[in-house]
Amino acid sequence: MAKTEIRLGGLGGQGVILCASIIGKCASIFGGKQATLIQAFGPEARGSACSAQVILSDEAIGYPYVKTPDILVLMSQDAYNQFIPQLKPEGLVLYEEELVALDGKLPKGAKAVGIPATRFAEELGRRLVLNIVMVGFFAGATGLVSWEAIEQAVKSSVPKGTEELNLKALKKGYDYGREHSTQLK
Amino acid sequence: MAASTLPRTVTLQDGRTIELLMLEVSDCLGLVEFYRTLPEQDREVLKDDVTTKEWADRFLRKVATKEIVCLVAKDGDKVVGEASLYRTLHGWTKHVGEIRLTIARSHRRQGLGLAMAGTLVKIATDIGIEKLLVNMVENQLGSRRTFEKLGFQKEAVLPRHVKDISGTKRDLIIMANDVSQIWAAMETMVQDYQPHRD
């Protein structure tokens, strides 16, 4: 795996940090790679901007901050507006399509794939698992981490008793990501 | 364990394999037969007379309206256990469900009750039930241990509330499990709040 810089953004309460943490844990603990995580919050824990920076690599990571992400995982319009100028040319945007509207700011050569993650989470019974749908979507669309590793990472990260619904949410996002990954080729 | 993941097979401690599945209309006769073959001592702790056709009709109607979620255990074609979640669809206790569990004597102490009750707890949380109750008589120690393993705790005791087949009055124990706490933990995790931040 080449060094991949990822920026995740959304609102407090969407589980952005958990989403980032699971991706990092998946690559490092269950995938044998190196990973770093930096998290940032707005002035309020809930209802305001929240973002995280994750780097995945085969080699040791000397600098954990993400300046020009290869991948953006976005769950709010504010996050899109804030982070889209930083995206590398030919970078990838994975976004919650009912919460984020794309505009002409997408860098030339960049690709974007949306997912109705909130709707999927609600259909599964709990909006709370939106972030896990996004984790699955990330894994399925990018292929950077294996299904087995991401499944283990989710199982070991969520509270006891919630594993089943969380894994369903993960699978839903993963399948959707796999299905739409052809758009990235 | 969502209803959609059933049927599934469980292996008992003695190696027998049992199928757990949601009740189908075609299983109803088997269910009535299961209850008819239960010893009277076992049937007397049930709230209804489960050996009658009227009971079966009423039960099926409530399954159809989703007031009851019924799981049956089958050893081959034979019903050997029933676990049901009773709930009200309206009113101030619509977040509460009651679990009733009956296992054939031939299949007790093998982990079947735990598997069935555990499956129902997961189904209940998936359909939005926040609190689960189970009633049992004071001397049903095996059942009590089963539900304790699933996080149920004694919430109330109604002294000398039930009378057994010999006429002895016994305490009724109400155990409860606030399953909303399961998802409260997840809710806390996604708040994205860390007290020590840069």
Spin-label model distance (nm) - B:LEU114 vs B:ASP42, 7 Å beyond Cα toward Cβ: 2.0
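What does the charge count around B:ARG160 come to, taking other residues whose C-beta lies under 9 Å from its C-beta (Lys +1, Arg +1, Asp -1, Glu -1)?
Overall, the nearby charge balance is +2.
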Rounded to the nearest 500, what is the 222 nm mean residue ellipticity of chain B from helices alone, with -39500 (n - 2.57) per DSSP H run of 4+ residues and division by all residues? -8500 deg cm²/dmol
Counting other beta carbons within 10 Å of each residue's own, what order do B:ARG8, A:ARG7, B:ARG16 fall into, fewest first? B:ARG8, B:ARG16, A:ARG7
Given A:LYS160/B:LYS53; A:LYS33/A:LYS111; B:LYS66/B:LYS169, the pairs whose alpha carbons are separated by over 29 Å: A:LYS160/B:LYS53; B:LYS66/B:LYS169
Residues with beta-carbon under 12 Å from that of B:LYS66, excluding B:LYS66: net charge, scoring Lys, Arg +1 and Asp, Glu -1? +3
Counting other Cβ atoms within 10 Å, keep those with at most 13, restrict to DSSP loop, and tell me which trypsin sites (Lys or Arg not before Pro) in the stretch B:71-134 are left. B:LYS94, B:ARG109
What's the magnitude of the charge dipole for chain A around its Cα centre, counting Lys and Arg as +1 and Asp and Glu as -1 at the beta-carbon? Answer in Debye, nearest 20. 120
Here the FRET efficiency for A:ARG178 versus B:ARG105, based on Cβ atoms and R0 = 41 Å and rounded to 0.05, is 0.25
Quick one: check the C-alpha center-to-center distance for the stretch A:126-181 versus the stretch A:49-87, whole angstrom. 19
What area, in nm² and to one decimal, does the C-alpha convex hull of the protein assembly as shown cast on average over all directions? 22.7
Scoring only Lys, Arg, Asp and Glu (+1, +1, -1, -1) among other residues with Cβ under 12 Å from the Cβ of B:THR125 yields -1
With a/c under 1.5 counting as rounded, go ahead and sort chain A into rounded, prolate or oblate using the C-alpha gyration tensor (a ≥ b ≥ c being the square roots of the eigenvalues; past the cut-off, prolate if a/b is larger than b/c, else oblate). rounded
Taking R0 as 56 Å and r as the Cβ-Cβ distance between A:SER156 and B:LEU158, the FRET efficiency 1/(1 + (r/R0)^6), rounded to the nearest 0.05, comes to 0.85
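Go ahead and estimate [θ] at 222 nm for chain A from helices alone: -39,500 (n - 2.57) per DSSP H run with n ≥ 4, summed, over the residue count, rounded to 500.
-11000 deg cm²/dmol
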Taking GluC sites (Glu not before Pro) as exposed when in a DSSP loop with at most 16 other Cβ atoms inside 10 Å, chain B has its longest clean stretch at B:68-137
Please say if the stretch A:1-106 is rounded, prolate or oblate, where rounded means a/c under 1.5 for a ≥ b ≥ c the square roots of the C-alpha gyration tensor eigenvalues, and otherwise the choice is prolate for a/b larger than b/c and oblate otherwise? oblate
Can you list the aspartates and glutamates whose alpha carbon is less than 18 Å from that of B:LYS74, not counting same-chain residues fewer than 8 positions off? B:ASP14, B:GLU19, B:GLU24, B:ASP27, B:GLU33, B:GLU82
Select from B:ILE68, B:MET189, A:ALA20 the residue farthest towards the positive end of the dipole of the protein assembly as shown; place +1 on Cβ of Lys and Arg, -1 on Cβ of Asp and Glu, and compute about the Cα centre. B:ILE68
Residue pairs, from the table A:LYS168/B:LYS94; B:LYS78/B:LYS149; A:LYS105/A:LYS172; B:LYS78/B:LYS154, whose Cα atoms sit over 31 Å apart: B:LYS78/B:LYS154
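Where a number appears in this text, it was derived from the coordinates with a stated rule and is not lab data. Computed from a predicted model, the values in this text were never measured in an experiment. Glycine also receives a Cβ, built like all others from the backbone with ideal geometry; neighbour counts cover every protein chain displayed.
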